[in-house]
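Asker: Just dropping this structure here.
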Amino acid sequence: MTTARLADVNTGRDNNFNLLRFVASLSVVITHAVAQSSGIAELTALHVFGTYVAILAPDVFFVASGYLISASLLSRNDPRAYLRARVLRIYPALWVAILTTVFVIGPIFSTLSVGAYFSDPRTWVHLLRNLTLLFGAAEGLPGVFNGLPLSGAVNGSLWTLPVEIRLYLALLLLWWLAGRFTQRREYWMGVVVVVAAIVLGGLKLWLEPAWGDHPINTLRLAPLFLIGCAMFLWRQHIPMRRDLFWLAFGAMLLTLPWLEVFFFVEFFAIGYVTLYLAYVPAGAVRGFNRFGDCSYGIYINSFPLQQAMVYLMPGIGAWALIGWSLLVTLPVAMLSWHFVERPALARKHNASRVRAVVPASN
């Protein structure tokens, strides 16, 4: 019996990426709830679980992103269409979240008067930097959420987005260079991303980059994105086998008690585990796709909403905050998907169809 390759199973849009990203985004909500609540000391097991989820959830996002973004770029072979698609996916929902945070949540929860809040330059720095993310994410707003367990933190999820945008641009540059100077663009892209993933992954393990939006943290997430890119570029050669999945998944589980060993094992295992779960399980699990993709809405909206809950319910424990967070964040994310993200994506697909039908005039 011939073993199916990754290239054999990644056809069409019927896959489990929506479900994977949904689970990862919920994991982020849980992790943040543990840190934001006042009950961390009472929930040691949950706090330990949250530590690993805090590692794994962004890593799954970045592996999936590297794979899907590579597929998008190489299927279009059009840098303008690629950039348009990335802008329409990232920014519309982000702009709604940032504007809501600055103009609604901020004035309500700031210790400053409304006039002082809006006359403070930090308000406008936060707004402008987070609307673009080109110069990193700005975290605090004047007087907002002061005195909470995570005092002054407004949206602790945004730190990954500038890193992801930089990686989008780096991949586009690699695509251009490989096409400009070689005759085998996809092959040489595959070689470069594998080498870069190994080098950066080694540096990541050596330097142990910290969390947050600063240059060294790009080093923490870039290898995961590159692993996803490499798996797409070498998809013809990657077997999708159950025994390999359980070997990779089991190795990650067994090394959880030793964080440094886990990081090493995860580097080799997380890509295979993510892509296997994305494409191989079929049947009823695929029914989740009818709900759409609200993971991004969860990711960018949950943190300020959770901080507001902690402010309004002093002393709330982690379990209660998790429950309230899901109850409030899921409807907000669904609204974001149906009224912001999906219409924006429709514009992206409509533009692609127009280009396919109408030849370029220059």
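Asker: Taking the condition of being out of contact with any Leu (no Cβ under 8 Å at 6 or more places or on another chain) and surrounded by fewer than 15 Cβ atoms within 10 Å (Cβ to Cβ), how many residues in the range 257-276 meet it?
Answerer: So the answer is 5.
Asker: If you don't mind, another one. Filter the range 1-57 for residues that are at pLDDT below 85 and of a type in the set (D, E, K, R); which is nearest to Gly147 (Cα to Cα)?
Answerer: Within the range 1-57, the match that is nearest to Gly147 (Cα to Cα) is Glu42.
The rows are residues; the columns are (1) at pLDDT 95 or above; (2) touching a Leu at 6+ places or on another chain (Cβ under 9 Å).
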{"residue": "Gln306", "(1), (2)": "yes, yes"}
{"residue": "Gly317", "(1), (2)": "no, yes"}
{"residue": "Ala320", "(1), (2)": "no, no"}
{"residue": "Val328", "(1), (2)": "yes, yes"}
{"residue": "Pro331", "(1), (2)": "yes, no"}
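Asker: Considering only the range 96-110, state which residues are touching a strand residue (DSSP E or B) at 6+ places or on another chain (Cβ under 6 Å) and assigned to a helix (DSSP H, G or I).
Answerer: Within the range 96-110, Gly106, Phe109 meet the criteria.
Asker: Taking the range 140-177 as the search range and keeping residues that are without any contact (Cβ under 8 Å) to a residue 24 or more places away in the chain and in a loop (DSSP other than H, G, I, E, B), which one is farthest from the chain's Cα centre (by Cα)?
Answerer: Across the range 140-177, the extreme among qualifying residues is Gly147.
Asker: Here is a follow-up. Assess whether Val144 counts as being loosely packed, with under 14 Cβ neighbours inside 10 Å, modelled with pLDDT of 95 or more and among the aliphatic types (A, V, I, L, M). Please lay out each step first, then the result.
Answerer: Values: loosely packed, with under 14 Cβ neighbours inside 10 Å: no; modelled with pLDDT of 95 or more: yes; among the aliphatic types (A, V, I, L, M): yes.
Judged against the criteria, Val144 is not a match.
Asker: Next question, about the same structure. If you take the residues in the range 244-256 that are modelled with pLDDT of 90 or more and surrounded by 16 or more Cβ atoms within 10 Å (Cβ to Cβ), which one is nearest to Lys204 (Cα to Cα)?
Answerer: Top of the filtered list is Met252.
Asker: Filter the range 58-85 down to residues that are in contact (Cβ under 8 Å) with a residue 40 or more places away in the chain, part of a helix (DSSP H, G or I) and surrounded by fewer than 20 Cβ atoms within 10 Å (Cβ to Cβ), then give me how many there are.
Answerer: 8
Asker: Can you give me the number of residues within the range 221-243 that are surrounded by fewer than 17 Cβ atoms within 10 Å (Cβ to Cβ) and assigned to a helix (DSSP H, G or I)? So that I can check it myself, show each step before the final result.
Answerer: Just the residues of the range 221-243 that are surrounded by fewer than 17 Cβ atoms within 10 Å (Cβ to Cβ), to begin with: 236-237, 239, 241-243.
Next, only the ones that are assigned to a helix (DSSP H, G or I) stay: 236-237, 242-243.
Count: 4.
The values are calculated or read from the model by the stated rules, or taken from the named source; none is laboratory data. Just so it is clear, the structure is predicted and the values come from calculations on it, not from any experiment. Using ideal geometry, Cβ is built from the backbone for each residue, glycine included, and neighbour counts are taken over all protein chains shown.
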